[in-house]
Amino acid sequence: MTLLNEAQDTVATSLTPAAFAAAEAHSAHNYHPLEVVISHAEGAWVTDVDGRRCLDMLAGYSALNFGHGHPALLSAAREQLDKVTLTSRAFVHDQFAEFTARLAAMCGKDMVLPMNTGAEAVETAIKVARKWGYDVKGVPADRAEIIVMGGNFHGRTTTIVGFSDDADARDGFGPFAPGFVMVPYADLAAIEAAITPHTVAVLVEPIQGESGVVIPGDDFLIGLRDLCTRENVLFAADEIQAGLGRTGYTFACDHAGVKPDMYILGKALGGGIVPVSAVVADRNVLGVIGPGQHGSTFGGNPLACAVGTAVIDLLETGEFQARAEALGQVLRDRLMAMVGKGIVGFRSRGLWAGVDIDPAVGTGREICERLLARGVLAKDTHGSTIRLAPPLVIAEDDLHWALDQLEAAVSE
């Protein structure tokens, strides 16, 4: 049989089209996935229903920083599954104290308010900031304002999309909650001009992921820290995608040597096994929340705490931050060599990059489809940009191979 006949036979017997159609048949079409149906995964590699292996260069939008099925995380989950998985916060379980204490210590803060998803953590931070504004700062009731950034992505709830300037996220979901003031991203002068006596917080991603890995200068975060301190305004850092090792430091704010008043964490905190998120702050901030004022049935559940503690164990070794920094240099060098040869520019920090595709060679979506055909999984955003965020466990040879495929894809 010729290679062509073998390829035609593979296509004819592929399980993917039917499996993909079945997945789409009874689900709301709130995503536009690539046509791949994954059945199992390990490390940085996934395998689809046809047995085809693909290199994961997205890592669940950084939820899989430690790769698929990291042994230490699976072990923690399996051990806890045999004990207790949920109590609700009406009771205390034996995993809660260690998780909250360890996470607070890692952040250099006093207290943790655990939730499940990233959007829940952002909503929690909004509530905490407003409550702090009324109880501590003395803002008049229902007048609190939070400054947000253009190009932001903090989640999909109606409150959050109400202060998005992305039409796909926002349009058709109003009316929206008041109390948010938008300024251009990383524009310190605009933030200062927007602050009023009613301002309680500035909510910012230290690196904007959904916008295409947009990285401000370190002087912006330093200046923002100084400004918030001077004006008695909370600095709330959404580190849901950028944090927990992705950029070469534990937190993206660490690059500028600053500490926000509130860390908003998620994604990698659950190790790709369970959804775990949290707001971490000092007692003078999180202490404003009292019984009955906020909650979550699953927030801080035993399984989540066991996995979250195992994630902290991994981060405390420093291994993953070091890998992100070292492999990030490989990523930068390879992308730099492609500028003018199918890509028009890129932005990267650690093992995370937004790559702008030359419109002459295709859209971001088309390049991701070409990459899929070559065995690489990536995701487009805003038309002409693709995001690369492989698991931090990726082998250097595999990273080079993935970038070889990108080089070929933009040359077609």
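The values are calculated or read from the model by the stated rules, or taken from the named source; none is laboratory data. All figures in this text were calculated on a predicted structure; none of them were measured in a lab. Positions of Cβ are generated from backbone atoms using ideal geometry, with glycine treated the same way; all protein chains shown enter the neighbour counts. Accessible surface areas use protein heavy atoms only, side chains included; no ligands, DNA or RNA. Shrake-Rupley method; radii C 1.70, N 1.55, O 1.52, S 1.80 Å.
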Next on the checklist: Could you check the stretch 123-146 and list, in sequence order, the residues that are in contact with a helix residue (DSSP H, G or I) (Cβ under 6 Å, 6 or more places away or on another chain) and either under 19 Å from Gly270 (Cα atoms) or not aliphatic (A, V, I, L, M) (or both)?
Outcome noted: Trp132
Next on the checklist: What's the total number of residues in the stretch 160-174 that are open to solvent by 30 Å² or more (accessible area, probe 1.4 Å) and not aromatic (Phe, Trp, Tyr)?
Outcome noted: 8
Checklist entry - Among the residues of the stretch 347-384, which ones are in contact (Cβ under 8 Å) with a residue 24 or more places away in the chain, part of a loop (DSSP other than H, G, I, E, B) and among the polar types (S, T, N, Q)? => result Ser384
Checklist entry - If we scan the stretch 245-255, do we find a residue that is free of Cβ contacts under 8 Å to residues at least 40 places away in the same chain and not assigned by the TED database to the domain that holds Leu58? => result yes
Item to check | Scan of the stretch 330-345 for residues that are open to solvent by 10 Å² or more (accessible area, probe 1.4 Å), outside any helix (DSSP H, G or I) and touching a residue at least 12 places away in the same chain (Cβ under 8 Å), ordered by number | outcome: Lys341, Val344
Item to check | Out of Ala304, Ala278, sole residue that is assigned to a helix (DSSP H, G or I) and either within 22 Å of Asp94 (Cα to Cα) or open to solvent by 10 Å² or more (accessible area, probe 1.4 Å) (or both) | outcome: Ala304
Item to check | Unmet criterion (only one of (1) surrounded by 16 or more Cβ atoms within 10 Å (Cβ to Cβ); (2) modelled with pLDDT under 95) for Glu145 | outcome: (2)
Checklist entry - For the stretch 385-412, which residues satisfy the criterion of being free of Cβ contacts under 8 Å to residues at least 40 places away in the same chain and either open to solvent by less than 10 Å² (accessible area, probe 1.4 Å) or within 23 Å of Ile240 (Cβ to Cβ) (or both)? => result Ile386
Checklist outcome for this item: If you go through Leu86, Leu74, the only one that is open to solvent by less than 60 Å² (accessible area, probe 1.4 Å) and either under 20 Å from Gly287 (Cα atoms) or touching a residue at least 12 places away in the same chain (Cβ under 8 Å) (or both) is Leu74
Item to check | Gln293 vs. criteria polar (S, T, N, Q) and part of a loop (DSSP other than H, G, I, E, B) | outcome: yes
Item to check | Only listed residue being over 19 Å from the mean Cα position of the chain (by Cα), crowded, with 24+ Cβ neighbours inside 10 Å and not basic (Lys, Arg), chosen from Ala201, Ala177, Ala268 | outcome: Ala201
Item to check | Which numbered condition Tyr263 misses (of (1) closer than 27 Å to Gly133 by Cβ; (2) out of contact with any Cys (no Cβ under 9 Å at 6 or more places or on another chain)) | outcome: (2)
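Quick grid of which residues meet (1) open to solvent by less than 10 Å² (accessible area, probe 1.4 Å); (2) over 20 Å from Ala242 (Cα atoms); (3) of a type in the set (S, T, N, Q):
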{"position": "Gly287", "(1), (2), (3)": "no, yes, no"}
{"position": "Gly290", "(1), (2), (3)": "no, yes, no"}
{"position": "Ser296", "(1), (2), (3)": "no, yes, yes"}
{"position": "Asp313", "(1), (2), (3)": "no, no, no"}
{"position": "Glu316", "(1), (2), (3)": "no, no, no"}
{"position": "Gly328", "(1), (2), (3)": "yes, no, no"}
{"position": "Gly350", "(1), (2), (3)": "yes, no, no"}
Item to check | the stretch 390-412, residues that are aliphatic (A, V, I, L, M), touching a Lys or Arg at 6+ places or on another chain (Cβ under 6 Å) and more than 21 Å from Gln321 (Cβ to Cβ) | outcome: Leu403, Ala409
Checklist outcome for this item: Within the stretch 21-36, restricting to residues that are surrounded by 11 or more Cβ atoms within 10 Å (Cβ to Cβ) and within 18 Å of Gly272 (Cβ to Cβ), the one that is farthest from the chain's Cα centre (by Cα) is Val36
Checklist entry - Which one is surrounded by the fewest Cβ atoms within 10 Å (Cβ to Cβ) among residues in the stretch 121-142 that are part of a helix (DSSP H, G or I) and of a type in the set (A, V, I, L, M, F, W, C)? => result Val136
Checklist entry - Residues in the stretch 255-265: is at least one in a loop (DSSP other than H, G, I, E, B) and on the phi > 0 side of the Ramachandran plot? => result yes
Next on the checklist: Go through (1) of a type in the set (D, E, K, R); (2) over 28 Å from Phe320 (Cβ atoms); (3) in contact with a helix residue (DSSP H, G or I) (Cβ under 6 Å, 6 or more places away or on another chain) for Glu231 and report which single condition fails.
Outcome noted: (3)
Next on the checklist: Give all pairs with beta carbons closer than 8 Å in which a residue from the stretch 280-296 that is of a type in the set (Asp, Glu) meets a residue that is not in a helix (DSSP H, G or I); count only pairs at least 6 apart in sequence or on separate chains.
Outcome noted: Asp282/Lys109; Asp282/Asp110; Asp282/Met111; Asp282/Asp261
Checklist entry - Looking at the stretch 209-237, which of its residues are open to solvent by 10 Å² or more (accessible area, probe 1.4 Å), outside any helix (DSSP H, G or I) and either free of Cβ contacts under 8 Å to residues at least 60 places away in the same chain or not small (Gly, Ala, Ser) (or both)? => result Glu210, Val214, Ile215, Pro216, Gly217, Asn232
Next on the checklist: Looking for something in contact (Cβ under 8 Å) with a residue 24 or more places away in the chain and at negative phi - is there at least one such residue anywhere in the stretch 167-178?
Outcome noted: no
